[in-house]
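Where a number appears in this text, it was derived from the coordinates with a stated rule and is not lab data. None of these values were measured; they are calculated from a predicted model. Cβ placement follows ideal geometry from the backbone for every residue including glycine, while neighbour counts extend to all protein chains displayed.
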Amino acid sequence: MPELPEVETVRRTLQQLVVGKTVERVTVRLPRIIQRPDDIEAFSLLLQGETITSVERRGKFLRLMFDHYTLVSHLRMEGRYGVYEAEEPLEPHTHVIFHFTDGTELRYKDVRQFGTMHIFPRDEDLQELPLKKLGLEPLDDAFTLDAFRKAVAHRTTRIKPLLLNQEYIVGIGNIYVDESLFLAGIHPERAANTLTGPELKRLHEAIVLTLKEAVAAGGSSVKSYVNGQGEIGMFQHQLKMYGRKDEACQQCGHAIEKTVVGGRGTHFCPKCQPRKRRRAAKG
């Protein structure tokens, strides 16, 4: 599933490609993707004549901002957007087409068909599901150490499932949790409330650094992710933990292990990320 860096990369690409374009009509070829309104004709009519003014993001959701409406789009497993000339043939699994007045089209493709779209009056989406319960944005200025500490420090939940819970912090999926915990030297099964002040500080810094580096690299194409121009991300070449079971840890040389934490495959180094908190040295 695309995580924050991948969705942010798609957002930046679409910002360049579709802002200023006006919708002439919308074709929906798979109605179940449209969640609100639940009538595909109403969906099309709402956007007819609307101009895209910006493309924004909340967590793993794209927000296409029109004159009077906001389209909230969740890519789920394999949703993709691409901009095409109208005369170009449709590729398989193209489910929603936004026809623009300039003769181009924004096409949404989804092999797994799990993606969703909701339309709200402009900016009201932030107060409605699926966005209203989302937690802190880890790349926002508001994601301070104090805010992070308040969100997680008193929870008895294991730290990895907690970081994956979008009600606390958004957008950090399986790949980037593994990478952040390794960088911070924290075992994925540590209870959040056992983390010390220095450990919380290291983890906060690791999350921000990992996500910024991933965004700069265009995200990670570990499965089938591509951005809005069909380009793959490159951060998978920088991954130190995820997908590297039995390889030597780049930091200590110990074999990387894989286990299951909270139902998710989890990669960690048992030497660099000890299960128990290290005791301070005497002296």
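Highest mean packing first, where packing is the average number of other Cβ atoms within 10 Å per residue, the peptides 151-162, 199-210 line up as 199-210, 151-162. Taken about its Cα centre, the chain carries a charge dipole of about 2120 debye when Lys and Arg each add +1 at the Cβ and Asp and Glu each add -1 at the Cβ. What whole number of Å gives the distance from the Cα centroid of segment 7-50 to the Cα centroid of segment 131-194? That distance is 32 Å. Gain on full extension, evaluated as 0.36 nm per residue between residue 41 and residue 275 minus their Cα-Cα distance, stands at 78.8 nm.
Sparse packing (at most 15 other Cβ atoms within 10 Å of the Cβ) combined with a DSSP loop state is found for the following trypsin sites (Lys or Arg not before Pro) in segment 1-76: 29.
Partners of residue 109 within straight-line reach, counting lysines whose Cα lies under 19 Å from its Cα and excluding those fewer than 8 residues away in the same chain: 60, 223.
Full extension of the chain segment joining residue 137 with residue 193 gains 18.0 nm, where the gain is 0.36 nm per residue of separation less the Cα-Cα distance. When 111, 177 are sorted by how many other C-beta atoms sit within 10 angstrom of their C-beta, beginning with the fewest, the order is 111, 177.
How high is the FRET efficiency between residue 85 and residue 129 when r is their beta carbon distance and R₀ equals 41 Å, given to the nearest 0.05? FRET efficiency, residue 85 to residue 129: 0.70.
Relative contact order of segment 4-127, taken over Cα pairs closer than 8 Å and 6 or more residues apart, is 30 percent. Label sites at residue 144 and residue 67, each approximated as a point 7 angstrom past Cα along Cα to Cβ, lie 4.1 nm apart.
Among the GluC sites (Glu not before Pro) found in segment 159-194, those both in a DSSP coil and sparsely packed, with 12 or fewer other Cβ atoms within 10 Å of their Cβ, are 167. Volume per residue for the chain equals 133 cubic angstrom (convex hull of Cα atoms).
Note: relative contact order over segment 50-105, using C-alpha pairs below 8 Å and six or more positions apart, is 22 percent. Assuming charge only on the beta carbon of Lys and Arg (+1) and of Asp and Glu (-1), the dipole of segment 117-209 about its Cα centre is about 460 debye to the nearest 20.
Tell me the label-point distance for the pair residue 93, residue 259, using the 7 Å Cα-to-Cβ offset, in nm and rounded to one decimal. Between residue 93 and residue 259, the simple spin-label model gives 3.4 nm. Calculated FRET efficiency, residue 25 to residue 113, Cβ-Cβ distance, R0 = 30 Å: about 0.85 to the nearest 0.05.
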